[in-house]
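S.K.: After the structure tokens below, expect a handful of questions from me.
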Amino acid sequence: MERQMIQHVLRTLGIGRQYLGYNITIRAVRMVLLDENCLFCVKQGIFLPISFQQQCDWRTIERNIRTVIHRAWTVNPEFLGELAGYPLHQEPTVTEFIEMIASYIMRTPGPIVTNRASISLH
């Protein structure tokens with residue numbers, strides 16, 4: 001169910017499966033949901049394990065997530081601020097973005113409701 005929640009958040013931000021960073025972002029957020037300590041050293045905790053799975057350089061993973069962030073900032077900066085829990089004045093960093101989605105999912109009991117859609121967690 002957490003994958004569906006992350007997909008819903010990404011879709012609300014205008015990010016679909018056509019972006020290489022879509023599945024990468026889902027994996028990164030799930031890793032943080034399992035162990036938030038990987039946020040302390042994102043390269044070793046997130047980028048390297050995903051790059052090993054994807055058989056690519058870790059910088060490719062980071063770049064693909066940055067592309068997703070740029071798209072989200074362009075399409076729905078208001079919802080990004082809602083995810084963050086505070087107003088954003090610029091695009092979040094990769095670490096901030098991953099943490100914002102993970103934190104939003106952890107603090108959202110029951111169905112996720114946004115200005116566009118809702119899904120049930122049950």
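S.K.: In percent, what relative contact order does the chain have, based on Cα pairs under 8 Å that are 6 or more apart in sequence?
M.R.: Relative contact order of the chain: 31 percent.
S.K.: Next up: Using only the alpha carbons of the chain, what is the convex hull's orientation-averaged projected area in square nanometres?
M.R.: Dividing the Cα hull surface by four gives the mean projection, 7.1 nm².
S.K.: Still on this structure, I have one more. Round to the nearest 10 and give me the degree value, 0 to 90, for the angle of helix 21-34's Cα axis relative to the longest principal axis of the chain.
M.R.: Between the helix axis and the principal axis of the chain, the angle is about 80 degrees.
S.K.: Step through the residues of segment 36-48 one at a time and calculate ³J(HN,Hα) from phi using the Karplus curve (6.51 cos²θ - 1.76 cosθ + 1.60, θ = phi - 60°), rounding each to whole Hz and writing x for Gly and Pro.
M.R.: Calculated HN-Hα couplings, in order: 5, 5, 5, 6, 6, 9, 4, 4, 6, x, 10, 4, 5 Hz.
S.K.: Return the distance in nm (one decimal) between the two label points of a simple spin-label model at HIS70 and PHE40, each offset 7 Å from Cα along Cα→Cβ.
M.R.: 3.3
Read-outs throughout are calculated quantities, based only on the coordinates presented, and are distinct from any laboratory measurement. Quick caveat, the model's predicted, so the values are computed rather than measured. Here the Cβ is made from the backbone with ideal geometry for all residues, glycine too, and neighbour counts use every protein chain on show.
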